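Quick notes on the structure that follows.
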Amino acid sequence: MQDDLQDIPVLLLSAARALVDGIDGRVRAAGFDDIRPAHGFAFARVSGAGATVTELAEHLEITKQAASQMAEELIRKGYLQRSPHPTDARARLLTLTEKGHACTRAADAAAVATLEPLGRALTGSQKQALRTALRQLATPGRIRPTW
């Protein structure tokens, strides 16, 4: 007989929410209290070489209008900047400002701190078993933000 699995999705979603809440709380405590978790998914796409509004919209799976509004908000708050695209004269490139990079570093540190209790609670073999099981469940690719 198959094990009862109905509680597993709820537990996974609850754990994901605890991770998001933990990171968000620590990022806010670090002084970045004017952003929300969805902005972190935008930062992930914009970091590195940058992104256009269209690329940001595709990454977040939202309309170009919604991505444009988010970009404008983050520019106004000092996290993003807009500059000419190096290869497409019609496009504008969004990149992180120093404040945006600082926020990203704070989020990385917050993720480490939020995951510390999990690291202490599991043995090495339990961590590996959890990774293996989740890899079998997960769909490869980007993580879709929850709104």
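Which order do E98, E55, E73, E116 take by accessible area at a 1.4 Å probe, largest first? Walk me through the numbers on the way to the answer.
Numbers: E98 120, E55 65, E73 35, E116 95 Å².
Most to least solvent-accessible, the answer reads E98, E116, E55, E73.
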**OP:** Identify which of A44, A89, A113 has the largest mean-square fluctuation in a Gaussian network model of the chain, with springs joining Cα atoms closer than 10 Å.
**Re:** A89
**OP:** Could you work out how far helix 64-76 tilts from the main Cα principal axis of the chain, as a 0 to 90 degree angle to the nearest 10?
**Re:** 80 degrees
**OP:** At most 11 other Cβ atoms within 10 Å and a DSSP loop assignment: could you name the trypsin sites (Lys or Arg not before Pro) in region 59-147 that fit?
**Re:** R90
Subject >> lysines whose Cα lies under 22 Å from that of K77, excluding same-chain neighbours fewer than 8 positions away >> reply: K64, K99
Subject >> Global geometry of the chain, whether rounded, prolate or oblate, following the gyration tensor of its Cα atoms and the 1.5 cut on a/c >> reply: prolate
Original post:
Of G22, H85, Q65, which is farthest along the charge dipole of region 2-108 in the positive direction, counting Lys and Arg as +1 and Asp and Glu as -1 at C-beta?
Top reply: H85
Subject >> Rounded tilt (10° steps) of 124-137 against the dominant C-alpha axis of the chain >> reply: 60 degrees
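Can you give the charge dipole size of the chain about its Cα centre, rounded to the nearest 20 debye, using +1 on the beta carbon of Lys and Arg and -1 on the beta carbon of Asp and Glu?
Details: 19 positive and 16 negative charges, 76 e Å.
Roughly 360 debye, rounded to the nearest 20.
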**OP:** Treating the angle as unsigned and between 0 and 90°, give the value, to the nearest 10°, between the Cα long axis of helix 98-121 and the longest Cα principal axis of the chain.
**Re:** 0 degrees
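For the chain, what is the mean residue ellipticity at 222 nm derived from helices alone (per DSSP H run of n ≥ 4: -39500 (n - 2.57); sum divided by total residues; nearest 500 deg cm²/dmol)?
Details: 6 runs with 92 residues, N = 147.
So the helix-based figure for the chain works out to -20500 deg cm²/dmol.
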Original post:
Counting only protein chains, not ligands or nucleic acids, how are V53, V112, V46 ordered by accessible area (probe 1.4 Å), most first?
Top reply: V112, V53, V46
**OP:** Working with all protein chains in place, sort H101, H39, H59 by solvent-accessible area computed with a 1.4 Å probe, largest first.
**Re:** H101, H59, H39
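The values are calculated or read from the model by the stated rules, or taken from the named source; none is laboratory data. Remember, it's a predicted structure, so these values are computed and weren't measured experimentally. Using ideal geometry, Cβ is built from the backbone for each residue, glycine included, and neighbour counts are taken over all protein chains shown. Please note that ligands, DNA and RNA were not included when accessible areas were found on the heavy atoms of the full protein model with its side chains. Shrake-Rupley method; radii C 1.70, N 1.55, O 1.52, S 1.80 Å.
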